């Protein structure tokens, strides 16, 4: 539908076939085919405004065009896509502009009831070389954003701004450029000083997003949003504030702002969807599972009801739900949400929205101990984000790819990915900084620098504590033990008491088992970790339980733990960790002893 005239080179035989079919037609019928080549499928009623209906019938009778009912409309298209290629190749640039302009004029005379109508009317004006309804072109740019076609959105936004300059047009173009990760250009488009009147709202929203995701300046971004307090659009400003607070790691503050919006009788659907999505993720990082579910369900009901108007809402809530599960350590649930969301988005109108779901699926696969699967998912997500990394997730996904590569045993490649990650990030997204630091810890471990890895993991734990991310802190402190360092059992117990989640309990139990060589504690942790989808961690605790049971003289339990360790390892795609490598000789000795006792 959105193809443009270009350098098409169809085969000569197809050209000759079409020429033979065109030869007996009336003089007006080629116009039908040219219009279809530029804008197919076209509503029959629209096409009939531009050409003699008899010429439409003639095109169908000769097998060059076909028509069929789609909903309440009869749509006409060329009988074969190659006909379009041939016809477009034959059009001069001037002729193509005339055709698009005729299509635009006819469509602008209709009520434009459908979203496709708005986007077509916008694009055809631009292709026709004359924008007479800049408001329609701006609306078309927003529809292109909703479909995640950011290249088209930028083209339309620029055309609308050229045709009708205004602060609103500046803000729209800046918003699109920011979505595409081009913050410097976005900042240059916007006026530096706040405009008066109604233009303040679009300016403030666009400038706040550019300041935060472009420069990582949360203070300046929030000060800009403060300009809208007590003014129309304050709810939208507060909705954006929840996202800035979330990615800045201030999860408790997210819930405060979200609760105020949810208690308001005047907050818009867009503001509420933003707020509930941010609150879903924030509650997960705080270990508040019930709250995360509540925010998600409330937002999802609204997003599904308004999906035609706000198509990104369901996607945003799905990504937030997956992120919340990941933060709480519920990996099976996190993977299911991310994978389902990824497949639903691919089947929908905007497959480019898949990058978030796919990237978080890769992070889950990495945590599960599936480095090969994680590598595939994360590479695909990073590629999909090229030119459209609105939330600056590439930095996180590169660090995740370094971690997965390190677990796969490729130290040099892991270091290359980690160095790339370090060159990509800015000051935004403090929420993910402990995870990124842990990626470096595992890269150091793959390089054999275990003392540095332990020190780095401790730093990640302290970073998470300083930001206020207890779920992440608990995992980082447990990673210190996994990497061979001395654990802080007291702090892990405090975190378990504060969080009270299945994951915090499993980590505390596993830590005590490792510290005290307690086979029962390690086996209990194995069961709990496996239920949450942490198969790599379960493989480690089961492996460590084998020598613990043997030291206690419990040969039967050691044998059972040995089987459990082997079963868990089969799900980990050959992942290598210091804890598994350290325990391997003891497990091998246990296996040999069991073999000698066997009849």
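The values are calculated or read from the model by the stated rules, or taken from the named source; none is laboratory data. It should be emphasised that the depicted structure is a prediction, and the values quoted were computed from it without experimental measurement. Cβ: placed from backbone, ideal geometry, glycine included. Neighbour counts: every protein chain shown.
Does at least one position in segment 310-326 carry a residue that is more than 12 Å from the chain's Cα centre (by Cα), more than 30 Å from residue 525 (Cβ to Cβ) and outside any helix (DSSP H, G or I)?
Taking every residue of segment 310-326 in turn, at least one turns out to be more than 12 Å from the chain's Cα centre (by Cα), more than 30 Å from residue 525 (Cβ to Cβ) and outside any helix (DSSP H, G or I).
Would you list the helices (runs of 4 or more DSSP H) that sit entirely within segment 426-489 and hold 1 or more residues that are within 29 Å of the chain's Cα centre (by Cα) and free of Cβ contacts under 8 Å to residues at least 12 places away in the same chain?
Filter on segment 426-489 gives 450-467.
Can you find a residue in segment 530-539 that is within 25 Å of residue 328 (Cα to Cα) and either surrounded by fewer than 22 Cβ atoms within 10 Å (Cβ to Cβ) or free of Cβ contacts under 8 Å to residues at least 12 places away in the same chain (or both)? Show your work before the answer.
Here is the first cut: in segment 530-539, the residues within 25 Å of residue 328 (Cα to Cα) are 530-539.
Checking the rest, the ones that are also either surrounded by fewer than 22 Cβ atoms within 10 Å (Cβ to Cβ) or free of Cβ contacts under 8 Å to residues at least 12 places away in the same chain (or both) come to 530-531.
Checked against the condition, which is being within 25 Å of residue 328 (Cα to Cα) and either surrounded by fewer than 22 Cβ atoms within 10 Å (Cβ to Cβ) or free of Cβ contacts under 8 Å to residues at least 12 places away in the same chain (or both), segment 530-539 yields at least one hit.
Which helices (runs of 4 or more DSSP H) does segment 1-63 wholly contain that include 2 or more residues that are out of contact with any helix residue (DSSP H, G or I) (no Cβ under 8 Å at 6 or more places or on another chain) and at pLDDT 65 or above? Outline the logic, then answer.
Numbers: elements: 12-22, 29-39, 44-50, 53-61.
By residue number, 12-22, 53-61.
Just one of 162, 149 is out of contact with any helix residue (DSSP H, G or I) (no Cβ under 6 Å at 6 or more places or on another chain), touching a residue at least 40 places away in the same chain (Cβ under 8 Å) and either over 18 Å from residue 393 (Cα atoms) or surrounded by fewer than 21 Cβ atoms within 10 Å (Cβ to Cβ) (or both); which is it? Don't jump to the end; show me each part of the working.
Working: 162 fails: touching a residue at least 40 places away in the same chain (Cβ under 8 Å).
Among 162, 149, only 149 is out of contact with any helix residue (DSSP H, G or I) (no Cβ under 6 Å at 6 or more places or on another chain), touching a residue at least 40 places away in the same chain (Cβ under 8 Å) and either over 18 Å from residue 393 (Cα atoms) or surrounded by fewer than 21 Cβ atoms within 10 Å (Cβ to Cβ) (or both).
Evaluate the following for residue 331: is it crowded, with 24+ Cβ neighbours inside 10 Å, in contact (Cβ under 8 Å) with a residue 60 or more places away in the chain and either over 30 Å from residue 505 (Cα atoms) or touching a helix residue (DSSP H, G or I) at 6+ places or on another chain (Cβ under 8 Å) (or both)?
Working: crowded, with 24+ Cβ neighbours inside 10 Å: yes; in contact (Cβ under 8 Å) with a residue 60 or more places away in the chain: yes; either over 30 Å from residue 505 (Cα atoms) or touching a helix residue (DSSP H, G or I) at 6+ places or on another chain (Cβ under 8 Å) (or both): yes.
When the stated conditions are applied, residue 331 passes them.
Within segment 348-363, track down each residue that is closer than 21 Å to residue 119 by Cα and either modelled with pLDDT of 75 or more or not in a loop (DSSP other than H, G, I, E, B) (or both).
Kept after step one, since they are closer than 21 Å to residue 119 by Cα, are these residues of segment 348-363: 348-353.
Those that are closer than 21 Å to residue 119 by Cα and either modelled with pLDDT of 75 or more or not in a loop (DSSP other than H, G, I, E, B) (or both): 351, 352, 353.
Given the residues 253, 271, 258, 303, which is the only one that is without any contact (Cβ under 8 Å) to a residue 60 or more places away in the chain, in contact with a helix residue (DSSP H, G or I) (Cβ under 7 Å, 6 or more places away or on another chain) and within 20 Å of residue 499 (Cβ to Cβ)?
Numbers: 271 fails: within 20 Å of residue 499 (Cβ to Cβ); 258 fails: within 20 Å of residue 499 (Cβ to Cβ); 303 fails: within 20 Å of residue 499 (Cβ to Cβ).
From the options 253, 271, 258, 303, the qualifying one is 253.
Given the criteria in contact with a helix residue (DSSP H, G or I) (Cβ under 7 Å, 6 or more places away or on another chain) and within 24 Å of residue 539 (Cβ to Cβ), does residue 360 qualify?
Working: in contact with a helix residue (DSSP H, G or I) (Cβ under 7 Å, 6 or more places away or on another chain): yes; within 24 Å of residue 539 (Cβ to Cβ): yes.
Yes.
Restricting to segment 422-471, count the residues that are buried (at least 23 other Cβ atoms within 10 Å of the Cβ) and at pLDDT below 95.
Residues flagged as buried (at least 23 other Cβ atoms within 10 Å of the Cβ) and at pLDDT below 95 within segment 422-471 amount to 1.
Since residue 63 meets every condition but one in (1) in contact with a strand residue (DSSP E or B) (Cβ under 7 Å, 6 or more places away or on another chain); (2) surrounded by fewer than 16 Cβ atoms within 10 Å (Cβ to Cβ); (3) in contact (Cβ under 8 Å) with a residue 40 or more places away in the chain, which condition does it not meet?
Among (1) in contact with a strand residue (DSSP E or B) (Cβ under 7 Å, 6 or more places away or on another chain); (2) surrounded by fewer than 16 Cβ atoms within 10 Å (Cβ to Cβ); (3) in contact (Cβ under 8 Å) with a residue 40 or more places away in the chain, residue 63 violates only (1).
Which of (1) surrounded by fewer than 24 Cβ atoms within 10 Å (Cβ to Cβ); (2) closer than 18 Å to residue 337 by Cβ; (3) at pLDDT 95 or above does residue 312 not meet, given it meets every other one?
Result: residue 312 fails condition (3) only.
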